[in-house]
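A short worksheet on the structure shown next.
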Amino acid sequence: MHILTALTYYRPHYSGLTIYAEREAVALGKRGHQVTILTSRFDNQLPANERRDGIEIVRPRVLFHISKGVIMPSMPYWAWKLARKVDVIQLHVPQLDAALIALLCKLMGKPIVLTYHCDLRLPGGAIHAAANLASNLANRITASLADVVVTNTQDYAQNSTFLKRYLNKLQTIYPPVEIQPFTQPAVEAFREKYRIIAGQRLIGMAARLAAEKGVEYLAKAIPEVLERHPTARVLFVGPYQQVLGEDAYARRVIPLIENLGEHWTFLGVLPPEEMAVFFHLCEVTVLPSLNSTESFGLVQVESMACNTPVIAADLPGVRVPVLVTKAGLLVPPEDTEALGRALISILDRPGEYKGMTEALIRESTPEAVAKKYEEIFEKLTEGKRPK
């Protein structure tokens, strides 16, 4: 089967959405399918066409940015050209171009699967407000034209004002999670590289430095944690410098982090083996997200796969991994005191929060996710609606 997957950003851009799309595409390729990625050349240094991990990547040129969105005048041409050759189209949203692509594909009679990652909620300001309106309109058109809408959990769908309209065509699939094996020498190298010493109580967070992630609440909670565990240290993995659209947020949150001194370390984007070591060495990881821009948080399952408990915000979708495994704690969003208490509780008794993670991890492998998408794609190409 030949699948066209369209999304705004793909690797080397780093986000949960791009990681999801890449893992799914590679897994589908390993199952014998031909996958073409249609995405933006958000960095002019990127090649217009590339083949990576068996996946064909086509990147139209970006004329300019609107907030976190991109304007690509040649996108309709490439969508029409590529869609004519494929069996099914998968659209990842939020994506400004999704509505036009869906309309073109519907005119060609191609089946459309919409993977809905989250409700977009941008910061205040006229430009962000316009981008929000445009994105919401594009999402509505795309969902109306799609044959199937996929999202991470029923919990998120039932609490999303947008997704409630499309429950009749909804399918739920957990995001794909992949943890690389690692060796003891890799663990020792990680300790040496990031100056981790014996006795430190490591708290992990893996995310972009972005407003919806709630990084400031973790930073504000650490002083209370230090009173109980004075060797506590946060390891923050992910982009933290010049994150697209987050300059103002960084200016607000960085002073809070700088006040913590040696108790907070930015590690940047890690290669897969180091990422696995990071989850293994941390005693707890934190996902203090603020709103519906976060719909799941696949890093939670990655953490659980390394036997590391999680503290997550009690938000629709985000709370699901902890609820189904009991491998951690939930805290109200934007509640610094509750987050601090939860961190202290797990650091006091880390062995009590391992939970039952096997089923969630098994359903979240790239192979399992690709198989579920494959079943949807096959039924649509046969003219059947998946149940």
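Of the trypsin sites (Lys or Arg not before Pro) found in the stretch 163-201, those that fall in a DSSP loop while having at most 11 other beta-carbon atoms within 10 Å are 195.
Taking 0.36 nm per residue of sequence separation and removing the Cα-Cα distance, the residue 51/residue 258 pair yields an extension gain of 70.4 nm. I need the helices of the chain that pass two filters: whole DSSP H segments spanning 24 Å or more by Cα along the axis, and mean Kyte-Doolittle score no lower than 0.0. Answer set is 126-145. Around residue 200, what is the net charge, scoring Lys/Arg as +1 and Asp/Glu as -1 over all other residues with Cβ under 12 Å from its Cβ? In short, +2. Roughly what % antiparallel, to the nearest 5, for the DSSP beta bridges in the chain? Counting only bridges with both partners in the chain, antiparallel ones make up about 15 percent. The residues 278, 64, 236, 296, when put in order of fewest to most other Cβ atoms within 10 Å, stand as 64, 236, 278, 296.
Each Cα pair under 8 Å and six or more residues apart adds its sequence gap; the mean of these over the residue count of the chain is a relative contact order of 15 percent. Quick one: of 110/371; 30/354; 169/354, which pairs are farther than 24 Å apart, Cα to Cα? Too far apart for the 24 Å limit: 30/354; 169/354.
Less than 5 angstrom separates the built amide H of residue 148 from those of 112, 114, all sequence-distant by 5 or more or on a different chain. In a DSSP loop and with at most 12 other Cβ atoms within 10 Å, the GluC sites (Glu not before Pro) in the stretch 341-387 are 382.
Exposure proxy ranking for 117, 65, 2, based on other Cβ atoms within 10 angstrom of each Cβ and starting from the fewest, stands as 2, 65, 117. Note on the chain: GNM, Cα springs under 10 Å; of 96, 170, 360, the largest mean-square fluctuation is that of 360. Look at the alpha carbon pairs under 8 Å that are at least 6 residues apart: their mean separation over the length of the stretch 151-284 gives a relative contact order of 31 percent. Computed 3J(HN,Hα) for the stretch 85-97, one whole-Hz value per residue from the Karplus formula 6.51 cos²θ - 1.76 cosθ + 1.60 where θ = phi - 60°, is 9, 10, 8, 8, 10, 10, 10, 9, 10, x, 6, 4, 7, glycine and proline marked x.
Can you tell me the length gained on complete extension of the stretch residue 378 to residue 358, counting 0.36 nm per residue apart and subtracting the Cα distance? Between residue 378 and residue 358, full extension yields 4.4 nm more. Computing FRET efficiency as 1/(1 + (r/R0)^6) for residue 106 and residue 158, where r is the C-beta to C-beta distance and R0 is 22 Å, gives about 0.20.
Read the figures in this text as sums done on the coordinates, not as results from a lab. Since the model is a prediction, treat every value here as computed from it, not as a measurement. Using ideal geometry, Cβ is built from the backbone for each residue, glycine included, and neighbour counts are taken over all protein chains shown.
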